[in-house]
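Asker: I have a structure here, written as structure tokens, and I will follow up with some questions on it.
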Amino acid sequence: MPTPTKGPRLGGSPAHERLMLANLATSLFRHGKITTTETKAKRLRPLAEQLITKAKRGDLHARRHVLTVVRDKDVVYTLFDQIAPRFANREGGYTRIVKTGPRKGDAAPMAIIELVEELTVAPTKAAPGRAAARKAARADAVAALAGEETEATGTAAVPAEDEPAANEPLASADSADDVEPEDNKS
């Protein structure tokens, strides 16, 4: 049996706290971002990240487990088919909490919890091993030898004639003196 949380619970009873966190998770997955109190956002983050990790598995057992928490089938469908594939390359940290100002009525500290964007850069590979480093060094040496042979034979790269010469001035947009203005005789 899981150890209950220390201190005061959100909403009073454990059942109410579970339902409130389930509703917050449902809203987060439906809208992508919600505004709530800092305490609720901090309590929601681990639950939401566990549900996304389960959705990344994508099997029937994971879907049924998520359905025990998130009761809305449309939101579960969105979680499995749209949200989880976005985080396929990410190992965790699917949510972000941004603190905002206090609430106007009771000055409760507020926060925005949102799903982060997917990774745009693929994870980098580990440093190459000793064998790969030797192959790269050999390839560099062969390229250097080929470059020396080209210089020794006297073949040089022919400059392209399409490029403007460095001595010629470039035409500027301000030198439109040759164009005569049209007379507007309307």
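What follows draws every value from the coordinates through simple rules; no lab data is involved. Since the structure is predicted, the reported quantities are computational estimates derived from the model, not experimental observations. Please note: Cβ atoms are built from the backbone with ideal geometry, for glycine as well, and neighbour counts cover all protein chains shown.
Asker: Under a point-charge model restricted to the Cβ atoms of Lys and Arg (+1) and Asp and Glu (-1), what is the dipole moment magnitude of region 14-115 relative to its Cα centre, in debye to the nearest 20?
Answerer: Roughly 60 debye for region 14-115.
Asker: Now, a different point. How many lysine pairs does region 14-115 hold where the Cα atoms are under 16 Å apart and the two sit 8 or more places apart or on different chains?
Answerer: 5
Asker: Strictly greater than 20 Å: what percent of every Cα pair in region 1-121 meets that?
Answerer: 45
Asker: Please work out how much length the chain gains when fully extended from R134 to S13, using 0.36 nm per residue of separation minus the C-alpha to C-alpha distance, in nm with one decimal.
Answerer: 37.1 nm
Asker: Once you have the alpha carbon radius of gyration of region 63-108, what is it after dividing by 2.2 N^0.38 Å, with N set to its residue count?
Answerer: After normalising by residue count via 2.2 N^0.38 Å, the value is 1.65.
Asker: Now for a separate question. Starting at the first residue of region 56-64, write each ³J(HN,Hα) from the Karplus equation 6.51 cos²θ - 1.76 cosθ + 1.60 with θ = phi - 60°, in whole Hz, x for Gly and Pro.
Answerer: These are the phi-based 3J(HN,Hα) values: 5, 5, x, 8, 5, 4, 5, 5, 5 Hz.
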